[in-house]
Amino acid sequence: MTAFSSEPIIKLEGVDIYQNGNKLVLSDVNFEINKGDFVFLIGRTGSGKSSLLKTLYGDLWLESGKGKVVGYELQKMKQAEVPFLRRKLGIVFQDFQLFFDRNVEENLEFVLRATGWTDKSAIKTRISDVLMQVGLGTSPKKMPHQLSGGEQQRVVIARAMLNEPQILLADEPTGNLDPEVGEQIMQVFQTINTAGTAILMATHNYDFLKKYPARVVKCENGAVTEIQ
Ligand SMILES: Nc1ncnc2c1ncn2[C@@H]1O[C@H](COP(=O)(O)OP(=O)(O)OP(=O)(O)O)[C@@H](O)[C@H]1O
């Protein structure tokens, strides 16, 4: 147990979120995510879900209010600290694609090496652990184009898990998948959550909300409210 173990993983207080420096997207956002929480983030297209997630991983700058994410105070953070913040988060986003010219193992190894791993056998073990965690039975030597959409998404989730994040931030992780495959991916997130990692998932899939009861946070009319 560390001294910080009871601190929320994410805490936003009176945060205003802007796009383009001047377009107010969400105002006075207040919420917390604690260890092991599963939180769905819902709201219509353009309501600000992605903007909120981007704020959490340092892609949108916090201009007013206070935010703390995995120990980093967003209002004090410097650009140079952003990669370190991201290392402590698992990010499953459409704009963080796999490298299509590297196989599965090489995609994962790239991230580990970029974050300071050097020991070959530790790297190999970690890669096989995360692949197991996402239920990817397929060969780590396969190229991304040889995998189905669902399998590629599993690799993306495995990659996000490499550095044992306290939380996974996922933006529409099932958006481009068939319903059946989307459901399997949802189950991967459930398994990861049950093992102790918090999840914040933006989704348009309201079936999940019924089927997998969890906290639900909604972006609507420039505000963020907890509805369940
Ligand atoms: N790069 C940008 N520059 C200017 N405005 C932007 C930018 N990105 C998003 N916006 C605007 O900010 C608002 C919130 O967009 P955001 O992408 O956060 O919504 P969303 O809820 O994630 O939508 P979706 O469900 O379609 O992903 C929208 O009005 C959008 O047009």
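The values are calculated or read from the model by the stated rules, or taken from the named source; none is laboratory data. Note that the structure is predicted; figures quoted are calculated from it, not measured. Please note: Cβ atoms are built from the backbone with ideal geometry, for glycine as well, and neighbour counts cover all protein chains shown.
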- Collect the residues in the range 1-20 that are more than 9 Å from the ligand (Cβ to nearest atom) and either of a type in the set (A, V, I, L, M, F, W, C) or without any contact (Cβ under 8 Å) to a residue 40 or more places away in the chain (or both), keeping them in residue-number order. Met1, Thr2, Ala3, Phe4, Ser5, Ser6, Ile9, Ile10, Leu12, Val15
- Item | Complete set of residues in the range 182-226 that are under 25 Å from Met132 (Cα atoms), of a type in the set (A, V, I, L, M, F, W, C) and within 16 Å of the ligand (Cβ to nearest atom) | Leu200, Met201, Ala202, Phe208
- Note on the structure: Flagged in the range 9-28 as at pLDDT 95 or above and either assigned to a loop (DSSP other than H, G, I, E, B) or outside the structural domain of Ala195 (by TED's automatic domain parsing) (or both), in numbering order, are Ile9
- Message: Looking at the range 104-158 only, could you name the residues that are touching a residue at least 40 places away in the same chain (Cβ under 8 Å), farther than 24 Å from Thr197 by Cα and surrounded by fewer than 15 Cβ atoms within 10 Å (Cβ to Cβ)?
- Response: His145
- Restricted to the range 29-60 and to residues being within 15 Å of the ligand (Cβ to nearest atom) and aromatic (Phe, Trp, Tyr), the residue nearest to Ala80 (Cα to Cα) is Tyr57
- Criterion (assigned to a helix (DSSP H, G or I), hydrophobic (A, V, I, L, M, F, W, C) and either modelled with pLDDT of 95 or more or not assigned by TED's automatic domain parsing to the domain that holds His145 (or both)) met by exactly one of Phe110, Phe31: Phe110
- Message: Quick check on my filter: what residues within the range 62-94 are among the polar types (S, T, N, Q) and under 12 Å from the mean Cα position of the chain (by Cα)?
- Response: Gln94
- Query: Among (1) part of a helix (DSSP H, G or I); (2) at pLDDT 95 or above; (3) among the β-branched types (Val, Ile, Thr), where does Val181 come up short?
  - Reply: (2)
- Subset of the range 212-228, residues outside any strand (DSSP E or B) and either modelled with pLDDT of 95 or more or under 25 Å from Glu164 (Cβ atoms) (or both), comes to Tyr212, Ala214, Asn221, Gly222
- Exactly one of Gln97, Gln152 is polar (S, T, N, Q) and in a helix (DSSP H, G or I), and that one is Gln152
- Message: Suppose we keep only residues that are closer than 13 Å to Glu109 by Cα and within 23 Å of the chain's Cα centre (by Cα) within the range 126-148. Which one would you say is modelled with the lowest pLDDT?
- Response: Pro140
- Query: From Gly90, Gly58, Gly67, which residue is buried (at least 17 other Cβ atoms within 10 Å of the Cβ), in a loop (DSSP other than H, G, I, E, B) and not hydrophobic (A, V, I, L, M, F, W, C)?
  - Reply: Gly58
